1. Residue 65 - would you say it is surrounded by 13 or more Cβ atoms within 10 Å (Cβ to Cβ), in contact with a strand residue (DSSP E or B) (Cβ under 9 Å, 6 or more places away or on another chain) and at pLDDT 95 or above?
2. Could you run through segment 10-27 and say how many residues are part of a strand (DSSP E or B) and in contact (Cβ under 8 Å) with a residue 12 or more places away in the chain?
3. Taking the conditions exactly as written (touching a helix residue (DSSP H, G or I) at 6+ places or on another chain (Cβ under 8 Å) and farther than 17 Å from residue 76 by Cα), does residue 32 satisfy them or not?
4. Would you confirm whether any residue within segment 78-89 is part of a strand (DSSP E or B) and surrounded by fewer than 15 Cβ atoms within 10 Å (Cβ to Cβ)?
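The values are calculated or read from the model by the stated rules, or taken from the named source; none is laboratory data. Model, not experiment: these values are computed from the prediction. Cβ atoms come from the backbone with ideal geometry, glycine included; neighbour counts cover every protein chain shown.
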């Protein structure tokens, strides 16, 4: 079971910085660094431990972020090849359920 912890890290000129952490058995297994500004969320990075990838942790982190901010647009920013695959999967398989 994944447990989540959302931490406010800093504020600067009306922009707030957060880190959403994911834990399994009290071990940090992944996180999303993001900020909020002018009613938008800006994702800095989504990271999952190498040994925990392809187990749905990034999906659960992203779903949790959308749960916290259901009506706010999420801006994805720069995306790696793996990130593009993740968001394509998320948009097609998870959002359409």
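1. For residue 65, the condition - surrounded by 13 or more Cβ atoms within 10 Å (Cβ to Cβ), in contact with a strand residue (DSSP E or B) (Cβ under 9 Å, 6 or more places away or on another chain) and at pLDDT 95 or above - is not met.
2. So the answer is 10.
3. Criteria not met by residue 32.
4. The initial filter retains those residues of segment 78-89 that are part of a strand (DSSP E or B), namely none.
No: segment 78-89 contains no residue that is part of a strand (DSSP E or B) and surrounded by fewer than 15 Cβ atoms within 10 Å (Cβ to Cβ).
Matching residues to (1) exposed (fewer than 11 other Cβ atoms within 10 Å of the Cβ); (2) touching a residue at least 24 places away in the same chain (Cβ under 8 Å):
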| position | (1), (2) |
| --- | --- |
| 8 | yes, no |
| 36 | no, yes |
| 60 | no, yes |
| 73 | yes, yes |
